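The values are calculated or read from the model by the stated rules, or taken from the named source; none is laboratory data. Note that the coordinates shown come from a computational prediction; the quantities given were computed from them, not determined experimentally. As a convention, Cβ positions derive from the backbone with ideal geometry for all residues, glycine included, and neighbour counts pool all protein chains shown. When the accessible area is computed, the model is the full protein with side chains, heavy atoms only, and any ligands, DNA or RNA have been set aside. Shrake-Rupley method; radii C 1.70, N 1.55, O 1.52, S 1.80 Å.
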Amino acid sequence: QVQLVESGGGLVQAGGSLRLSCAASGSIVSIRAMGWYRQAPGKQRELVAVITSGGSANYADSVKGRFTISRDNARNTVYLQMNSMKPEDTAVYYCNAEQFLYYYWGQGTQVTVSS
């Protein structure tokens, strides 16, 4: 079992920045990709960014150039630096980790961007 705990959400004005963190614990051997998803009210959960254990990252088109995902394998932690934030970034952000083709989820953290 893998446990994921997110932190760093909150309220920010448009144009501002936030940094999310997600710490993994438990049976963390062989965690491969880790990523961030988000779900806005009335919408489906969508991929924001994902990073492999080797450091290769992919982003949703809507956040490219504004968000940066990074990973500290020694601390079993993944980060999401969010800059130039927009009201449409408002959502619950969920951390995700893949291990042996099984996907674990964090509890989610609310991010609200005011205009």
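If packing is taken as the average number of other Cβ atoms within 10 Å across a peptide's residues, how do 68-74, 40-46 rank, most packed first?
Ranked by mean Cβ neighbours within 10 Å, highest first: 68-74, 40-46.
Give me the 1.4 Å probe accessible area per residue for the chain, excluding ligands and nucleic acids, in Å².
53 Å²
Measure out, as a whole number of angstrom, how far apart the alpha-carbon centroids of the stretch 2-20 and the stretch 42-82 sit.
The stretch 2-20 and the stretch 42-82 have Cα centres separated by 12 Å.
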